[in-house]
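Worksheet for the structure shown next.
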Amino acid sequence: MADSMKVLVTGAAGQIAYSLVIAVAKGDVFGKDKPITLVLLDIPPMMEVLEGVVLELNDCALPLLREVIATADVAEAFKDIDAAMLVGAMPRREGMERKDLLAANVKIFKEQGAALDQHSKKTVKVVVVGNPANTNALIASHYAPSIPKKNFSCLTRLDQNRAQSLVAHRIGIPNSDVKNVIIWGNHSSTQFPDVRHAKAVIGGKVVAVPDAVKDDSYLKNDFIKTVQQRGAAVIKLRKLSSAMSAAKATCDHMHDWFSGTGDSWVSMGVISDGNSYGIPEGLMYSFPVKIQNGNWQIVQGLDINDFSRAKMDATAKELLEEKAMALAACQG
Ligand code: NAX
């Protein structure tokens, strides 16, 4: 439909998508005045489940939802889209090694990168949620050379939201009164959640988060570990991985990319330019970014101490290894 925004969600029969598609279709992401055409992609064995999701979406009678296209055809799914939320991925099975998981996903994101290149608008904005999210996003971008690298990103907003909520609870203030929490690096257990530059609003005054928390040992140890291991903690209790919170974070990520961040920063996995914080060029690395008119810029000039340096380098090293493994798998 000509006046609507065309949004693709992959892995659309899965659990994250179940919370995500309703939020997109309700206007929570692209605005309450923006009609939406929703494209839902999954694999052929999931088409029946996907048809059920379509019935439910129709049954919501949503004012902004103009059309729903459910398909297992990659070319059809990527045609003329304005935004892509790439959630579908091959899950890690028992006994599977990291490199096998990477190789299986590289195949998916190579195909989807080529489909973006061939069928999507050149202005499309892409967020990869499916794991390993950073490297999957890198591969999709690699196989879509006609689309600017700045249009590709991966989700670390869930990690940011987890970190923000943890410190807000610790200080005893609303989540909205904590700003500028940073996630550096990979969406994996090597990520570095950093609150050194974050601000809290307490009694109307803006205070540095470390001064508000007053417990450096907690911030350097338990806090970091809790954020790094939060996904595993949810799986242990729910017997399923984070879905509602992952969908909410995906909405936050896309909302801010399209609408801007004002004076604060958010964290996004984006392509490293080689000139920011000593991170090698060409990695899909999570940085603090400011967004204006749909364009993100890495926040520059933050002071990095030895503790942070070591953590930022460790997660970059893991991403370099993943990148090498993924590119090798592409040749195979
Ligand atoms: P589900 O297993 O519920 O759903 C995944 C869906 O993707 C399935 O319906 C499956 O058929 C589909 N799929 C598989 N291959 C596909 C392909 N080639 N094209 C289209 N669809 C395909 O998983 P869910 O809980 O929804 O999680 C989805 C992904 O998000 C996983 O890779 C998961 O690890 C990742 N996560 C990433 C997070 C992040 O912060 N970046 C956090 C949450 C989540 O763990």
Item checked: Tensor-based shape of the stretch 157-321 (alpha-carbon gyration tensor, a/c under 1.5 rounded, otherwise prolate or oblate) -> rounded
Next item on the list: State whether the chain is rounded, prolate or oblate according to the following rule on the C-alpha gyration tensor (a ≥ b ≥ c being the square roots of its eigenvalues): a/c under 1.5 gives rounded; otherwise a/b larger than b/c gives prolate, and the remaining case gives oblate.
Entry: prolate
Item checked: Most to least packed among 139-150, 7-18, 103-114 [average Cβ atoms within 10 Å] -> 7-18, 103-114, 139-150
Notebook entry, point to check: Cα-based Rg (one decimal) and Dmax (whole number) for the stretch 5-154, in Å?
Noted result: 14.9, 48
Item checked: Summed residue charge, Cβ within 15 Å of Gln164's Cβ, Lys/Arg positive, Asp/Glu negative -> +3
Next item on the list: Starting from the Cα of Lys125, draw a straight line to each of the aspartates and glutamates and keep only those under 13 Å, dropping any in the same chain fewer than 8 residues away.
Entry: Asp80, Asp82, Asp117, Asp256
Checklist line | Alpha-carbon centroid distance for the pair the stretch 226-293 / the stretch 155-170, whole angstrom | finding: 10 Å
Next item on the list: Amide H neighbours of Lys125 under 5 Å, at least 5 residues apart or on other chains, H built in the peptide plane: list them.
Entry: Ala83, Ala84
Item checked: Degrees separating the helix 244-259 axis from the principal Cα axis of the chain, which is the longest one -> 90 degrees
Notebook entry, point to check: Amide H neighbours of Met5 under 5 Å, counting only residues 5+ apart in sequence or on other chains, H built in-plane at 1.01 Å?
Noted result: Ile36, Thr37
Check: Of all DSSP beta bridges in the chain, what percent run antiparallel (nearest 5)?
Finding: 50 percent
Margin query: Explain nothing, just the number: relative contact order of the chain, from Cα pairs under 8 Å at least 6 residues apart, as a whole percent.
Written below: 17 percent
Notebook entry, point to check: What order, most packed first, do the peptides 249-256, 74-81, 278-285 have when packing is the mean number of other Cβ atoms within 10 Å of each residue?
Noted result: 249-256, 278-285, 74-81
Notebook entry, point to check: For the stretch 22-99, which semi-axes, largest first and in whole Å, follow from the square roots of 5 times the eigenvalues of its Cα gyration tensor?
Noted result: 26, 15, 13
Next item on the list: Report, to the nearest 10°, how far helix 157-171 tilts away from the longest principal axis of the Cα atoms in the chain, using its own Cα long axis and a range of 0 to 90°.
Entry: 40 degrees
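Laboratory data are not the source of any read-out in this text; all were calculated from the coordinates shown. What you are looking at is a predicted structure, and each value in this text was computed from that prediction instead of being measured. Note: ideal-geometry Cβ built from the backbone for every residue, glycine included; neighbour counts use all protein chains shown.
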